[in-house]
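First up is the structure itself, then whatever we jot down about it.
The values are calculated or read from the model by the stated rules, or taken from the named source; none is laboratory data. The shown structure was predicted, so the numbers you read here are calculated from the model rather than taken from an experiment. Counting neighbours? That spans all protein chains shown, and the Cβs are built from the backbone with ideal geometry, glycine included.
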Amino acid sequence: MFTFLRVCLRRYRQLAVVASLVFASAVCTALLLLRIVHTHRLTHLYLLWNLFLAWLPMICSLVAYNFYKRSSRLSGLFAGGCILVWLLFFPNAPYLLTDLIHLQPQENVPFWFDLILIVTFALTGFFLGLISLVLMQAIVRKTLGAIVSWIFAVGVLGVSGFGIYLGRFLRWNSWDVIVNPRPVLFDIWLHLRHPLANFQTLVFSALFSLFLLAAYLILMSVTHLSAEPDWSN
């Protein structure tokens, strides 16, 4: 019992973050269940699946972050595996923002309720992704230094814009890279080979990546506010 309490005290910041994300996910689920009970329809049920996919990179980052701290060879290999899985599934988290495209007037449900519903899911997935990146950047910073860690973070956010495009418009899933890699890689090569011929791909990916970078910089700035010196002294 005391060992469990000591672990909780050492990791209370992680527990607080996870608890807030679990609470947000519970609010999402409650709103969706309320809609289903009211309308007797399963409209927007896909949001739960998308939220589950958004949790995968968060779980991978937490596991990698805590295993990396153990400083053993086996733990390092396991953390490396988690990082690879995280890279694969990371775009699923901010992808929830694109579910706003489904927002439209529905019968028997106020438009504002669906707005709150989808935005709540979108923001929860959004923060799941950004917080997981904070943990992964901490691993890279500890291993390779601050400059490399920022190159890593910016690179991940840049690639994610393209990954989200592949999911939203070409309807590829993260696991297709493993179970059906050839057509996925062909689509990727086709768009990269002829970027000007796929102007929408280029613009969407770039703008979404810039948005993610701006949001990430804000989040990182906020997390450092508490480290400022006390002005009263």
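Residues in segment 86-105 that are surrounded by 19 or more Cβ atoms within 10 Å (Cβ to Cβ) and in a helix (DSSP H, G or I): how many?
Residues that pass the stated criteria total 9.
Being farther than 21 Å from ASP176 by Cα, in contact with a Cys (Cβ under 7 Å, 6 or more places away or on another chain) and not in a loop (DSSP other than H, G, I, E, B), is that true of even one residue in segment 106-123?
Among the residues of segment 106-123, at least one is farther than 21 Å from ASP176 by Cα, in contact with a Cys (Cβ under 7 Å, 6 or more places away or on another chain) and not in a loop (DSSP other than H, G, I, E, B), which makes the answer yes.
Take residues that are modelled with pLDDT of 95 or more and closer than 25 Å to VAL156 by Cα and tell me which of the helices (runs of 4 or more DSSP H) falling wholly in segment 1-76 contain 3 or more.
12-39, 46-68
Table: residues versus (1) among the small types (Gly, Ala, Ser); (2) modelled with pLDDT under 90.
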residue: TRP112; (1), (2): no, no
residue: GLY129; (1), (2): yes, no
residue: SER149; (1), (2): yes, no
residue: LEU157; (1), (2): no, no
residue: ARG171; (1), (2): no, yes
residue: HIS194; (1), (2): no, yes
residue: ASN198; (1), (2): no, yes
residue: ALA206; (1), (2): yes, no
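Report whether or not LEU53 is surrounded by 15 or more Cβ atoms within 10 Å (Cβ to Cβ) and either closer than 15 Å to ILE83 by Cα or not hydroxyl-bearing (Ser, Thr, Tyr) (or both).
yes
On the basis of being small (Gly, Ala, Ser), surrounded by 17 or more Cβ atoms within 10 Å (Cβ to Cβ), touching a helix residue (DSSP H, G or I) at 6+ places or on another chain (Cβ under 9 Å) and part of a helix (DSSP H, G or I), does SER174 make the cut?
So SER174 fails the test.
Just one of ASN108, ASN66 is at positive phi and not aromatic (Phe, Trp, Tyr); which is it?
Only one candidate qualifies: ASN108.
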